[in-house]
Amino acid sequence: MTRTTPEQRRRRQLPTTEQLRIWRDFIETTEALRSEIASRLQSDCSLSPGDYAVLLALSEAPDRRMRSSELAARINWERSRLSHHLGRMERRGLIRREECAADSRGAEIVLADSGAEAFHAATVPHLRAVRELFVDALTPDQLTAAGELAAALRAGLASREP
């Protein structure tokens, strides 16, 4: 009987050359798509993808407001990153911070009228870019497969969370 060494077992756990090629293609294409969509959002609407994510979350929230901790969880950002970003958005008049009525230790982030206007102005150009760069580049079957791929990756990540 042939026994495998620990080194042989570790090597088997590494991705193959073909798997690494696919990984790189996936990452590079994803980054190129994100970069192009971010560039268009910035040039068309003067919003960053982070601005858009915050404005989208607030536009969907009851009374266009939510706790900063809830907002951070919703857009999957660290609270410190969100705090700095909200400061910039507040200076631009897109959002307001208000004391939380239910808890004086916390703050609620409120979508300002100018933020709602900026979000609405950005939505159609942003969705057109998504359609052009993502949806139209794929067949209906490929789009379905992309959704299944994203769901599988998300489930794999969720199963690893403590």
In segment 45-57, the residues that are more than 18 Å from residue 76 (Cβ to Cβ) and crowded, with 18+ Cβ neighbours inside 10 Å: 45, 47
Within segment 47-91, considering residues that are of a type in the set (Ser, Thr, Tyr) and modelled with pLDDT of 95 or more, the one farthest from residue 112 (Cα to Cα): 48
Residues of segment 102-118 satisfying the condition of being out of contact with any Cys (no Cβ under 9 Å at 6 or more places or on another chain) and part of a helix (DSSP H, G or I): 113, 114, 115, 116, 117
Yes/no for residue 137 being modelled with pLDDT of 95 or more, in a helix (DSSP H, G or I), among the small types (Gly, Ala, Ser) and more than 23 Å from residue 48 (Cβ to Cβ): no
Cross-chain or 6+ apart pairs with Cβ under 7 Å, segment 142-157 first and without any contact (Cβ under 8 Å) to a residue 24 or more places away in the chain, then of a type in the set (Gly, Ala, Ser) and in a helix (DSSP H, G or I): none
Any helices (runs of 4 or more DSSP H) falling wholly within segment 1-101 and containing at least 1 residues that are out of contact with any strand residue (DSSP E or B) (no Cβ under 8 Å at 6 or more places or on another chain), of a type in the set (S, T, N, Q) and without any contact (Cβ under 8 Å) to a residue 12 or more places away in the chain: 6-13, 17-45, 79-91
Odd one out for residue 142 among (1) part of a helix (DSSP H, G or I); (2) within 21 Å of the chain's Cα centre (by Cα): (2)
Unmet criterion (only one of (1) modelled with pLDDT of 95 or more; (2) loosely packed, with under 11 Cβ neighbours inside 10 Å) for residue 34: (2)
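Let's see how each residue does on (1) among the small types (Gly, Ala, Ser); (2) surrounded by 14 or more Cβ atoms within 10 Å (Cβ to Cβ); (3) over 22 Å from residue 150 (Cα atoms):
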| site | (1), (2), (3) |
| --- | --- |
| 43 | yes, no, yes |
| 59 | yes, yes, yes |
| 76 | no, no, no |
| 88 | no, no, yes |
| 94 | no, yes, yes |
| 113 | no, no, yes |
| 120 | no, no, yes |
| 128 | no, no, no |
| 137 | yes, no, no |
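The values are calculated or read from the model by the stated rules, or taken from the named source; none is laboratory data. Please read these numbers as outputs of a predicted model, since none were measured by experiment. Here the Cβ is made from the backbone with ideal geometry for all residues, glycine too, and neighbour counts use every protein chain on show.
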